[in-house]
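As structure tokens, the structure follows; a few thoughts come after it.
What follows draws every value from the coordinates through simple rules; no lab data is involved. Nothing here was measured: the structure is a model prediction, and the numbers come from that model. Every residue, glycine as well, gets a Cβ built from its backbone with ideal geometry; the counts of neighbours run over all protein chains shown.
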């Protein structure tokens, strides 16, 4: 928790500044939207953090989201599959994709960057071919299923905000985060992942089946991305095969990095990733509400992430130096 | 300024140098002098501070205190380039050649003569040929370095040092991977250089070669000066005494062991590194078996195959009578084996994790609670027990292993395995790079484990360690076991003969 204080501080600073500068920021409608979007991105961020913890990367997330976004309405609308078959099928598709990544990386020893880059291209192309590049959607049907993404739970009147409804994706995010955090920090498998992310060889020499664990990380990432894709699709209800989910892998990776995952592996906090995803959406929102030209939005988000990472690195370096001095003093005495 | 009437200053003087690293003082107030055309042997156990001093001389690191004088003038050696300008060249134990380039290119790497902005190949070729002649190496400058045997590659390194007009040549364990013949050739070159006025700091564990080559010996122990020996004082016993700081027989707390049943039995084992040679041997419970040999003899490869890191090409491994297929370290651990690897930082530890986490790493599966949950309490008990038993010096069990000294890091690796209560303990260079106190603790721990009936197989490149610790010694040479020496046959000469493949001489002696 301590290492997330910095990013948590950043979140509150941007939040308060925006709230003061533009009172409409804290109206219920805006906040609900912000929470819903943050939750959706937070979900895929948690997925990719498992891969990042192993020292790997997954660039295919956006295309997996695109493919699931295409396949779900393609199955349900075009081919009239029932929900109970279509949903498991698209999740299975994601699982197979993750399994493929994991096997290529561990068995053929291909680099994760290359494997998932090829995935990025392949799934996008496949999705477009499947749908003949036609925009997909669920129309007015499937109200029940769509509640997963756009549903809201009324919380009644809240101070300052007014009548507030909690978006359902936030609850999904919470459940996923708790499961992920327990898995990572309380089970031997989470410990395996953290250990092999730091030093794969030492983990293997300690009797850990590192191959299985790496494959598992890619499967988790892809399945969570697939589930995220399902939610994004239900949320937008208008899926352009060529662009749906584009760049989402980068948002997920940025959220994970902002949240304290090191791309060198072995480090990561689920709570941090949630905050990381929230900060990115908050920045979008702030840029809009503060009247900053939206053409600058990428530049600003890029700058803020860079600043965050630099600060984090400097803090770490100062801490290491202080520790070294302290130890030298102990050794000298 | 030195007065002109004063006696000539030594070529190189190290004056009261101290160097600290986090958690350890590597050098404490050490001094050393080197005259022109002198061969000074620098000896000491692993962790005595020899390599740190070398790095300081070669400009890789700077001292925290003290100074370096060259021709009596204090110099700041802040980079490798500065050291080279001052005429100091370091020849690493692991050679630093680009083996995809040819000999000439290696000699002039980074200092290529140019003609019209392009590399002047003709000049490289001519100058290299001249330098190669000086080190007595009869190969063409166009030969690719990876075509040369190790001994000749080393001569290329020396030629490179000469090409910068080195006046001080520092050689770190130059014979550790050479055959007897290659080593003799090297000695000739060193003697020849000495005649031409080049000074050599010669670092070696092989006391025999020190005796042959050195004009003077400086001994380090625990980062301090332990003594100097002039030419006539150099004897094997004096050197060992200064290195170890006490009588050798007290240092290795060896008691006779009662070997029990055969626990590890290896038959016809072929490793991927040396598939042509089948290895067979056994280790009894309560027995300490040493594996001696030169670097590259296939000892580490043998342990890694036994532990399932690399697959065996052929052969059987029996642990307590059961044939075991070791296809991964998991299998080996399940069979009751443990490996303390040579490369502690890469293979033994997750450096960024806590002492406690590292100790618990191998036992996670064994102690897990249902559902795969971590058994925190067990991990805590194990780590507390190991910190106490092995006297691991750490502020607390949550300390990150990286910040411990080498000896304490090694104890963490040992703690990880002892908490698994292995039947067979494989140790690969268990005391490399650790201080003398921790070393002795590791020796007594090996004794204690043997007494409890653990079968111990340990690889060591330190002759004293092999002689001091093993009940029985297997000697390897180029992937073969060239001999097996019982306790009463064990001697430095016999081990060296077998290690260099000279089986006839060993058995005759």
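Have a look at the DSSP beta bridges in the protein assembly as shown and tell me what percent are antiparallel, nearest 5. Please list the in-between numbers first.
Numbers: 53 of 88 bridges.
Close to 60 percent.
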Please order B:443, A:192 by the number of other Cβ within 10 Å, starting at the fewest. B:443, A:192
Per the rule of 0.36 nm per residue minus the C-alpha distance, extending residue B:67 to residue B:120 adds in nm 15.2 nm
Using a Förster distance of 35 Å, the FRET efficiency for residue B:181-residue B:16 (Cβ separation, nearest 0.05): 0.25
For a quick check, take a GNM of chain A with Cα springs below 10 Å and name the residue from A:249, A:32, A:313 with the largest mean-square fluctuation. A:313
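Based on the alpha carbons, how large is the Rg to Rh ratio for region A:73-191 when Rh follows Kirkwood?
The Rg/Rh ratio comes out at 1.07.
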Using only Cα atoms, what Kirkwood radius does chain B have, in angstroms? 24.7 Å
GNM of chain A, Cα pairs under 10 angstrom: of A:94, A:303, A:86, the biggest fluctuation goes to A:303
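Can you give the Kirkwood hydrodynamic radius of the protein assembly as shown from its Cα pairs, in Å with one decimal?
Values: mean 1/r = 0.0323 Å⁻¹.
It is 31.0 Å.
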Mean 1/r over distinct Cα pairs of region A:1-97, inverted to a Kirkwood Rh in Å, yields 16.7 Å
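In which sequence would B:255, B:389, A:147, B:19 go, from the one with the fewest C-beta neighbours within 10 Å to the one with the most?
Values: B:255 8, B:389 15, A:147 12, B:19 22.
In order of increasing Cβ crowding within 10 Å: B:255, A:147, B:389, B:19.
Just for chain B, what percent of DSSP beta bridges are antiparallel, to the closest 5? All intermediate terms of the calculation are to be shown ahead of the outcome.
Working: 45 of 80 bridges.
Given both bridge residues lie in chain B, the antiparallel proportion sits at roughly 55 percent.
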For the pair residue A:324 and residue B:489, the simple spin-label estimate (label points 7 Å beyond Cα toward Cβ) gives in nm 5.1 nm
Given labels modelled 7 Å from the Cα in the Cβ direction, how far is it in nm from residue A:110 to residue A:130? 1.9 nm
Please compute, for peptide A:85-98, the average count of beta-carbon atoms on other protein chains lying within 10 Å of each residue's beta-carbon. 0
Can you give the mean number of other chain Cβ atoms that lie within 10 Å of the Cβ atoms in peptide B:348-357? 5
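Cα gyration tensor of chain A, axes a ≥ b ≥ c as square roots of the eigenvalues: rounded (a/c below 1.5), prolate (a/b > b/c) or oblate?
Numbers: a/c = 1.92, a/b = 1.16, b/c = 1.66.
In terms of gyration-tensor shape, oblate.
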Given labels modelled 7 Å from the Cα in the Cβ direction, how far is it in nm from residue B:146 to residue B:230? 5.1 nm
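For a quick check: sort A:191, B:330 by the number of other beta carbons within 10 angstrom, fewest at the front. Could the numbers behind the result be given before it?
On the way: A:191 23, B:330 17.
By the 10 Å Cβ count, ascending: B:330, A:191.
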In degrees rounded to 10, the 0-90 angle between helix B:150-163 Cα long axis and the longest Cα principal axis of chain B is 40 degrees
Dimensionless Rg ratio for region A:15-60, taking C-alpha atoms and the 2.2 N^0.38 Å reference: 1.64
Using the alpha-carbon atoms, what tilt in degrees (0 to 90, nearest 10) does helix B:406-418 show relative to the longest principal axis of chain B? 20 degrees
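What shape does region B:414-479 take by its C-alpha gyration tensor, where a ≥ b ≥ c are the square roots of the eigenvalues and a/c under 1.5 counts as rounded, a/b above b/c as prolate, and the rest as oblate? Each step should come with its number before you reach the end.
Values: a/c = 1.63, a/b = 1.23, b/c = 1.33.
Verdict is oblate for region B:414-479.
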Shielding by partners - mean other protein chain Cβ count within 10 Å, residues of A:203-215: 6
Taking a ≥ b ≥ c as the square roots of the Cα gyration tensor eigenvalues, with a/c under 1.5 meaning rounded and otherwise prolate when a/b beats b/c, else oblate, which class fits region B:178-328? oblate
For chain B, longest principal axis from Cα atoms; helix B:121-134 axis from its Cα atoms; angle between them, nearest 10 degrees, is 80 degrees
With chain A treated as a Gaussian network of Cα nodes joined by springs under 10 Å, which of A:222, A:85, A:195 yields the largest mean-square fluctuation? A:85
